[in-house]
Structures are given as structure tokens and as C-alpha cells.
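The values are calculated or read from the model by the stated rules, or taken from the named source; none is laboratory data. This is a predicted model, so every value here is computed, not measured. Here the Cβ positions follow ideal geometry from the backbone for every residue, glycine too, while neighbour counts run over all protein chains shown. For accessibility, only protein heavy atoms count, side chains too; no ligands or nucleic acids. Shrake-Rupley method; radii C 1.70, N 1.55, O 1.52, S 1.80 Å.
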Amino acid sequence: MAQSNVLAVIVHEGVTVSYRLTTSSTLLGLKQFICQRFPSLNPDSFSLSFSLNEKIKDLDTDAYIMCMAWYFCSQCIPTVDLHLLLNNSVRDIICHDDGELIDTCKDNEVCQEVVPTPFSIQQGLKSAGWGKVFSCVRQVFDGGAEEFRQLLVLYSIETGFSYIFKKNDRKRVTVVCKKKVDKGCAWMIHSVLKGGIFSIEKMN
């Protein structure tokens, strides 16, 4: 039977918890689970990442959680260690079961302080050069949109490159660089189904 989920293991303050991730899991759901297990945290106070092939991958979108779950399931890898990194001090913030966050600071004083992360990830813009997965316009994918999306997942996992979908259905898939707005990355790829053939129509 094919593997349908991966067990994510999170360690914080010496306590280990686990959470089963599937391709339908969400970032908010995962963070809410962690918040329930560690009441001193709130969903905005920490970020998550994991290691693969000696590279650090950020888990910052639902799409990337789906990609990670799909990749580990396809490789029959049963567990993944998630790294929990504090973004801010949480000593004055309480996370309630109903999702309401109460800031206990008084008189508008600043109570959050930045906690530096133990490493810094530098990623180049992928428009500077293509890998070998996607070669040229009119490249054909015999498995259609599903094969194209699977290759996107593998490309993203291997390179640490993050993308977002602009269009995503059975007949067309358009993806752009996640850094398009803030960094001006021009990377994009648009594939469509025409005449029964799914292929790249435009890429940059």
C-alpha cells in the first residue's frame, strides 16, 4: 500500500510532539496544533523548516506543505524532523484555544524582541538560470498537468526554490517566482493543454 502521510516531529523546549501530514494539511492547522501543545507560542511567533539533502527548506505556505508531504510519501520516507524557530519573544503573548491572541503589554510599550535565527538562507533568483527539469518552450509532458506539477515539486525540493500558482487546473498551469513582487524575480512558466498535448507555452 502506498504511503499516504508523513509523521512530522517537532521538538521545543525539550518536549517532542508529532503530527501526521498529508497533501491536504495546511500551515495554519499545523501551527495551531503546535500552539495547543505549547501554550506559550502563537502562530505568528515562530516559523518552520526542515532539512533535505543538507539544505534548509522553509515551510511557509500550504502549497509547500503539500509538496513536502507528497515528496516524502512518494519516497516512502515515514518521518521528517521540523525545525521550530522563534521569530519574536513570546513571553507576553497568550494563545487561547478559541484562537484569540491577547497582548499583555501595558501603555503601548514594545514587549517583543527579535531572537536571531541560528542560520541565514540565501537563495538566488531562478530567472538567472534554468535547471535541467524544464528545458524549452514546447517541452511535452505525457502525464499532463499532473506530471508537470510533480516535476515542479521535485524541482522546488531539490533547489529550495519557491513558486506560487497563478493558474492551476487540468488544462493549464501557470507559476511565477514567489519573490516576483519584493525581489523582481522574472521567473515564470506557463503550460497548457492543446490538441490533447500538455506542453510549455511560455517560460522565462
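A few comments on the model shown:
- Being free of Cβ contacts under 8 Å to residues at least 60 places away in the same chain and surrounded by 13 or more Cβ atoms within 10 Å (Cβ to Cβ) is not true of residue 12.
- Scanning region 14-58 for residues that are touching a His at 6+ places or on another chain (Cβ under 7 Å) and either on the phi > 0 side of the Ramachandran plot or hydroxyl-bearing (Ser, Thr, Tyr) (or both) gives a single hit, 49.
- Test: residue 17 is over 26 Å from residue 164 (Cα atoms) and assigned to a strand (DSSP E or B): yes
- Selected residue (only one of 5, 53 is of a type outside the set (A, V, I, L, M), open to solvent by 20 Å² or more (accessible area, probe 1.4 Å), touching a residue at least 12 places away in the same chain (Cβ under 8 Å) and touching a Lys or Arg at 6+ places or on another chain (Cβ under 6 Å)): 5
Residue by residue, here is whether (1) hydrophobic (A, V, I, L, M, F, W, C); (2) out of contact with any Pro (no Cβ under 8 Å at 6 or more places or on another chain); (3) free of Cβ contacts under 8 Å to residues at least 60 places away in the same chain; (4) surrounded by fewer than 18 Cβ atoms within 10 Å (Cβ to Cβ) holds:
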position	(1), (2), (3), (4)
143	no, yes, yes, yes
146	no, yes, yes, yes
149	no, yes, yes, no
156	no, yes, no, no
161	yes, yes, yes, no
165	yes, yes, no, yes
173	yes, yes, yes, no
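- Scanning region 23-34 for residues being in contact (Cβ under 8 Å) with a residue 40 or more places away in the chain and out of contact with any Phe, Trp or Tyr (no Cβ under 9 Å at 6 or more places or on another chain) gives a total of 2.
- Residue list for region 190-204, restricted to those being farther than 16 Å from residue 134 by Cβ and open to solvent by less than 80 Å² (accessible area, probe 1.4 Å): 193, 196
- Residues in region 15-50 that are surrounded by fewer than 20 Cβ atoms within 10 Å (Cβ to Cβ) and touching a helix residue (DSSP H, G or I) at 6+ places or on another chain (Cβ under 6 Å): 17, 19, 22, 23, 26, 27, 43.
- Among residues of region 60-78 that are at positive phi and open to solvent by 40 Å² or more (accessible area, probe 1.4 Å), none has a beta-carbon under 9 Å from a residue that is modelled with pLDDT of 85 or more and part of a helix (DSSP H, G or I) at least six positions away or on a different chain.
- Taken over region 79-94, the criterion of being assigned to a strand (DSSP E or B), open to solvent by 20 Å² or more (accessible area, probe 1.4 Å) and modelled with pLDDT of 80 or more is satisfied by 79, 81, 83, 84, 85, 86.
- Take the conditions (1) part of a loop (DSSP other than H, G, I, E, B); (2) without any contact (Cβ under 8 Å) to a residue 24 or more places away in the chain; (3) not acidic (Asp, Glu); residue 40 misses just one of them, which is (2).
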